[in-house]
Amino acid sequence: MEKILVVDDEEKIAHVICAYLEKEGFAVTPAYDGNKALELAQSGEFSLMVLDLMLPGISGEEVTKRLRREGNNIPIIMLTAKGAEEERISGLGLGADDYVVKPFSPGELVARVLAVLRRARKSGGVLADVLEFKNLQIDLRRREVKSGDQLLELTATEYKLLVTMAKNPGRVFTRAELLDLALGEQATGYDRTIDSHIKNLRQKLTPVAGGNRLIRTVYGVGYKFEDDEK
C-alpha cells in the first residue's frame, strides 16, 4: 500500500483529503506545519506529498526547496489559495509536480494524485531511487554517482548541481536558479561561482560520460542537462 503525506495547517481540509485518499486505497499521514512535513518527507516512506504553501514554521515553498536541494525526489502536489499564474510558475519552478488552487474538489485532487503517480512510474525518474542514463547512474539514496563500476568523486556542491539538472533533463536553468535550488545561495552576483562548479563537474564527467555533452551551456541564460545518447 502506497503512503501519501498530506500537509495543511487547516485540519478540516487535511482530514477531508485524507478521507478521499484512503477511499482510493492509500495509507495517509497528515501533518500540520512545515517542520513536521520536512521531517516526514525526509524519512523516505512516502510515495507522494500533498503540500499546502501557507504553513506555520517553514513555508511549503521552503519545504520543497530544501527537499530538492537535498536530492529528495518525492513527487509534490502544491495546494494553495493563491491562484495567480506567477505563483503557479514559482511553485513548479521549485520542483513541484503539480499545483491545485483552493477551493478545489477533493475528487479532482485525488485524480491529480493518481496522474502524478502514473507519470512518476512511467518516467522512472521521480520515484526512482536511481536516475539512469546511458553512461551514468545517480543513486539518490546513497548519494553516489557511477559510470559502470567506477565511482565518481564529486563534491557536495557538484552532486547537488548534477542531481538538480538530471532530474529535469532538457530544462534550462539560469545561474540564479541553480544558486537558489542547488546551493541555497539567494544573493546575486555569483555567476562565476556556478560557472566554476560546472566546469569542475564537466571535467569529472568527461572521461566517462562526456561532460560537455551531458551539461550544455545555453549562452546568455545558463545550463541544461541532456542525454541524447540514451
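The values are calculated or read from the model by the stated rules, or taken from the named source; none is laboratory data. Computed from a predicted structure; not experimentally measured. Glycine also receives a Cβ, built like all others from the backbone with ideal geometry; neighbour counts cover every protein chain displayed.
Counting only residues that are in a loop (DSSP other than H, G, I, E, B), closer than 17 Å to A120 by Cβ and in contact with a strand residue (DSSP E or B) (Cβ under 9 Å, 6 or more places away or on another chain), which one in the stretch 25-55 is modelled with the lowest pLDDT? Ranking the candidates gives E45 first.
Selection within the stretch 1-43: residues that are surrounded by fewer than 20 Cβ atoms within 10 Å (Cβ to Cβ) and small (G, A, S). The member of this set that is farthest from E61 (Cα to Cα) is G25. The set of residues in the stretch 5-18 being touching a helix residue (DSSP H, G or I) at 6+ places or on another chain (Cβ under 8 Å) and part of a helix (DSSP H, G or I) consists of V16, I17.
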